[in-house]
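These notes are about the structure you will find just below.
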Ligand SMILES: *[C@@H]1O[C@H](CO)[C@@H](O)[C@H](O)[C@H]1NC(C)=O
């Protein structure tokens, strides 16, 4: 009898396992293109852009994909920025608080972004499932109208303020360098 009960329990556990996998599937599905960004240093970093050339930044907040300066092991499946896209890049970090950031200017023409596009914000909630390798949070603003981008990856949520997107990079990451 004990043996039978064990068998039943095992069978039920298997069924439960199958169900949990079925339910988890939509969340854990690996996207076709990279949703993992990374910041290594001023020459090796990634941030998010619309998947198609010329896409509007805010309109693609659910679809944006990671683009990097080079192939980075930390950011598998990421695309590479078009040549000339990154014009300047400044790296800053706070080792005590546990954040890193890169800010700078971009040549929007190389990805056909519109000068009329005021930009938008990407973070772990948009696109859902996106991340910055090795950190729990990130905030990334891309502002074609001003030609600036910024990304900060943080251990603590409080250091990656995602509640000020409308004010842009210069307010979200005060003191950061662009020129
Ligand atoms: C920006 O990119 C375009 C297209 O590649 C190029 O023609 C232009 O010279 C670049 N502008 C600057 C300031 O580098």
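Quick notes on this structure:
- Modelled spin labels at residue 116 and residue 52, positioned 7 Å past Cα toward Cβ, are 1.8 nm from each other.
- Its Cα gyration tensor gives segment 36-172 an equivalent ellipsoid. The semi-axes, each the square root of 5 times an eigenvalue, are 20, 16, 14 Å from largest down.
- Most to least packed among 135-143, 161-169 [average Cβ atoms within 10 Å]: 135-143, 161-169
- Given their separation in residues at 0.36 nm each and the Cα-Cα distance between them, residue 128 and residue 80 gain 15.2 nm when the chain is fully extended.
- Inter-probe distance in nm under a simple model that places probes 7 Å from Cα toward Cβ, at residue 167 and residue 59: 2.9
- Sites residue 145 and residue 95, calculated FRET efficiency, Cβ-Cβ separation with R0 45 Å, nearest 0.05: 0.85
- Pairwise centroid distance, computed over Cα atoms, of segment 103-151 with segment 42-79, Å: 8
No lab work stands behind these numbers, since they all come straight from the coordinates. Computed from a predicted structure; not experimentally measured. For neighbour counting, all protein chains shown are included, and Cβ atoms are generated from backbone atoms with ideal geometry for every residue, glycine included.
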